[in-house]
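Remarks on the structure that follows.
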């Protein structure tokens, strides 16, 4: 799907989050109605599913924002610093790694003389989760795309000690038991974070806060 307008972006976000939230809610309904000892397997299986949607939604939706910004064809100098970095990161690497002077010269030329050109943000590799999206990596993602992380800080322990730790224990074959109450609370909080993040992305695009003040 091509993302050219805010409506395109908003619809893409709805698609990105919608099916993930539906699966989480369906899992909550199954657990709430069946609960108890016979459904320990369902409770355990719900944790990796919850984590998969946490990581998948954050990564995919962040890339959608970068695609939207690219489609706006904004001059490089008009973007916030975090987005300028995504536009020039490949050139910085070339400067550091190359032994060819013409490659380094071309990269330096972009950094110094071509800020009036239309920006193209490097999307591949920009959003790093390392298949282990903890609170530090999540904060790095919010910083990468210019979102204030303050409101998410109190979720750090939930992400690291409950969602990620339990997912890793179960995925690595440990007999980690999950109570119905634990799953319902954890899934509710994850949905809260995803809703907050979706709203922040929409606000960034709508208010054009990706632009330099």
Hey, residue 207 surrounded by fewer than 19 Cβ atoms within 10 Å (Cβ to Cβ), closer than 22 Å to residue 85 by Cα and more than 18 Å from the chain's Cα centre (by Cα) or not: yes
Subset of the stretch 115-147 (residues that are exposed (fewer than 15 other Cβ atoms within 10 Å of the Cβ), assigned to a loop (DSSP other than H, G, I, E, B) and free of Cβ contacts under 8 Å to residues at least 40 places away in the same chain): 124, 125, 128, 130, 132
Looking only at the stretch 191-202, and only at residues there that are over 13 Å from the mean Cα position of the chain (by Cα) and surrounded by 14 or more Cβ atoms within 10 Å (Cβ to Cβ), the one that is farthest from residue 161 (Cα to Cα): 202
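Kindly establish whether residue 31 is more than 29 Å from residue 162 (Cβ to Cβ) and either assigned by TED's automatic domain parsing to the domain that holds residue 174 or assigned to a helix (DSSP H, G or I) (or both).
no
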Residue check for residue 176: touching a helix residue (DSSP H, G or I) at 6+ places or on another chain (Cβ under 6 Å), farther than 19 Å from residue 64 by Cα, surrounded by fewer than 19 Cβ atoms within 10 Å (Cβ to Cβ) and touching a residue at least 40 places away in the same chain (Cβ under 8 Å): yes
Conditions (1) surrounded by 13 or more Cβ atoms within 10 Å (Cβ to Cβ); (2) over 30 Å from residue 74 (Cβ atoms): number failed by residue 154: (1)
Residue 108 vs. criteria in a helix (DSSP H, G or I), modelled with pLDDT under 90 and surrounded by 12 or more Cβ atoms within 10 Å (Cβ to Cβ): yes
The stretch 158-173 residues that are without any contact (Cβ under 8 Å) to a residue 12 or more places away in the chain, paired with ones that are outside any helix (DSSP H, G or I) (beta carbon under 7 Å, 6 or more apart): 169/176
Given (1) within 12 Å of the chain's Cα centre (by Cα); (2) closer than 22 Å to residue 206 by Cβ; (3) free of Cβ contacts under 8 Å to residues at least 12 places away in the same chain, index of the condition residue 150 fails: (1)
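Residue-by-condition table, conditions (1) over 19 Å from the mean Cα position of the chain (by Cα); (2) modelled with pLDDT of 95 or more; (3) over 14 Å from residue 182 (Cα atoms); (4) loosely packed, with under 13 Cβ neighbours inside 10 Å:
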{"site": "5", "(1), (2), (3), (4)": "yes, yes, yes, no"}
{"site": "12", "(1), (2), (3), (4)": "no, yes, yes, no"}
{"site": "16", "(1), (2), (3), (4)": "no, yes, yes, no"}
{"site": "21", "(1), (2), (3), (4)": "no, yes, yes, no"}
{"site": "27", "(1), (2), (3), (4)": "yes, no, no, no"}
{"site": "33", "(1), (2), (3), (4)": "yes, no, yes, yes"}
{"site": "40", "(1), (2), (3), (4)": "yes, no, no, no"}
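The values are calculated or read from the model by the stated rules, or taken from the named source; none is laboratory data. Quick caveat: nothing in here was measured; it's all calculated off a predicted structure. Ideal geometry is used to build each Cβ from the backbone, glycine not excepted, and the neighbour counts take in all protein chains shown.
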